[in-house]
Amino acid sequence: MARFICQPQTTFRFTLRFARLRSWELGVLLAVLEPQRLAKDAAEYAHKLGLGRPLGMGSVSIGIDRIRVRNESQTRLAEEAGLDQQALACLREKLDQGSVDRWLEIHRFVDRGRIGYPTQDAKGESTIYHW
C-alpha cells in the first residue's frame, strides 16, 4: 500500500546546513542538488525519491533559492560573492567530462508517458491513494 502520496507539482522546502566544506566539496553539494549546474545543455534533470520509482513515480527537481555563507564576522549570500561558481570550477578540475556526462544522463528527466499504478477504478473514482 502506498501512503503519503503527494499531488503533482507539490512544493516542499528544506534547509541544508553544513560546516567546514572545502570549495570542491561545496561544488559537489551544489551539483548533486542541481545537476543542471554541470550540464552544457538546457535539459531538465530530476531526482527519484520514494518507493514508486520503478513505476514512474517520484520525479523531483530541486532548486536552490539561496546559499548563505556565515563566518564569525559576517553573513553573506554566496551568489553575490561568486562562491558557488568558484566551488563548481574547483569540482570540474577534479572530474573528467565523460564521467559527468554519464552521471547527467542518469538524472535526465524524460517523460516516458504514464507508467504507474492505476489511477481510476471501474467507477471512474481516483484509486491511486489506495494502492
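The values are calculated or read from the model by the stated rules, or taken from the named source; none is laboratory data. As the structure is a prediction and not an experimental result, all values here were calculated from the model. Surface areas here come from the heavy atoms of the whole protein model, side chains and all, with no ligands, DNA or RNA. Shrake-Rupley method; radii C 1.70, N 1.55, O 1.52, S 1.80 Å.
A few remarks follow.
- Among the residues of segment 33-51, those identified as within 13 Å of the chain's Cα centre (by Cα) and open to solvent by 70 Å² or more (accessible area, probe 1.4 Å) are 36, 44, 48, 49.
- For segment 85-131, the set of residues classified as open to solvent by 70 Å² or more (accessible area, probe 1.4 Å), modelled with pLDDT under 85 and assigned to a helix (DSSP H, G or I) consists of 106, 129, 130, listed by residue number.
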